[in-house]
Amino acid sequence: MGGALLAAFMALAPTPTQAQAAWPQRTVRIVLPFSAGGTTDVPGRILAQRLAEELGQAVIVDNKPGAGSTIGTEFVARAKPDGYTLLLMSPAHVIGPSLYPSIAYNAVADFAPITRIALGAYVMVAHPGLAVSTVSELIARARAEPGRIDFVSSGNGSTQHLVGALFASMAGVELNHVPYRGSGPATQDLIAGLVKLGFPGTPIAIPLVKSGRLRALAVTTPRRLPELPDVPTLAEAGVPGYEATVWLGLLAPVGTPRDIIERLRLAVARALGSPEVERQIAVTGMEVSLTTPEEMGEFLRRELDKWGRIARDSGARVN
């Protein structure tokens, strides 16, 4: 994030008379509704560490996985809107309403946006035991052996599930979805070769690809990644129009006072604004991408519409 942009964020800061001077007086909790080791985990812990320095209070990460992120998300939706319980969310937040129609919260109305944190890609990866080196080879094999190739995800209704289902739909192939309870165990079995294909985020995929433990077939973004310059996009590799971007955003329960929201936004901008932290985030394959609360709210609404359509069109279902 450039100095001019950071300066602009600072200019929007509330004055001391506007802010609630009493906050924060105790530990702030950032809920990650996914298992430890997942796509949100590393950036979330970087954010927590730096945010603690800015706020002068401990900031802890609390992993609450399950049900496609809805368990941890509902926990935050029901939390007291006092600035001490926050939600770090990915596209799973806007996918959930299409897959879990009975969830007990509204993905937009029940949360106060603070800021987007980062943007990144998913990576289609294969275990070396799957004898394919390109997306075209994978599609050909999947068409010859419908339903015989497993693809792993972090759970039914998870982002990885829907990203894979979207690929299968657009490529015209049938894959066998194998859901796990979180990215950590899913990745372990993918490395072990118990399942052969997956769509993890870059924080998980890049180290495993560079170490040779998994093979990258494509990335899901419209542009190639600087960290994987030789890996094509899915659109380049034979699935025209394919695009799926992972993002991280920070939300609070609706009703959280506006001055606390502003203080949090400012603290996040400072926490992630240094070149050192930008490099730490870049190592995970993501890039810092901040917004105002209003911009984050509009972004959420657009993503809710987009992923709702993808969920319906792809035919993804929660078993």
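The values are calculated or read from the model by the stated rules, or taken from the named source; none is laboratory data. Only a predicted model underlies this, so the values are computations on that prediction, with no experimental measurement involved. In this analysis, Cβ positions are derived from the backbone assuming ideal geometry, glycine residues included, and neighbour counts consider all displayed protein chains.
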Being surrounded by fewer than 22 Cβ atoms within 10 Å (Cβ to Cβ), under 24 Å from residue 106 (Cβ atoms), within 18 Å of the chain's Cα centre (by Cα) and free of Cβ contacts under 8 Å to residues at least 12 places away in the same chain, is that true of even one residue in region 206-219?
no
Any hit, region 276-284, residues being loosely packed, with under 14 Cβ neighbours inside 10 Å, at positive phi and not in a strand (DSSP E or B)
no
Sole residue being touching a residue at least 24 places away in the same chain (Cβ under 8 Å), touching a helix residue (DSSP H, G or I) at 6+ places or on another chain (Cβ under 8 Å) and in the same structural domain as residue 127 (by TED's automatic domain parsing), chosen from 232, 200
200
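Counting just the residues of region 269-289 that are of a type in the set (Gly, Ala, Ser) and under 14 Å from residue 115 (Cβ atoms), which one comes out nearest to the chain's Cα centre (by Cα)?
Initial filter on region 269-289 (of a type in the set (Gly, Ala, Ser)): 269, 271, 273-274, 282, 285, 289.
After this cut, where a residue has to be under 14 Å from residue 115 (Cβ atoms) as well, the list is 269, 271, 273, 289.
Values: 269: 19, 271: 19, 273: 20, 289: 13 Å.
The selected residue is 289.
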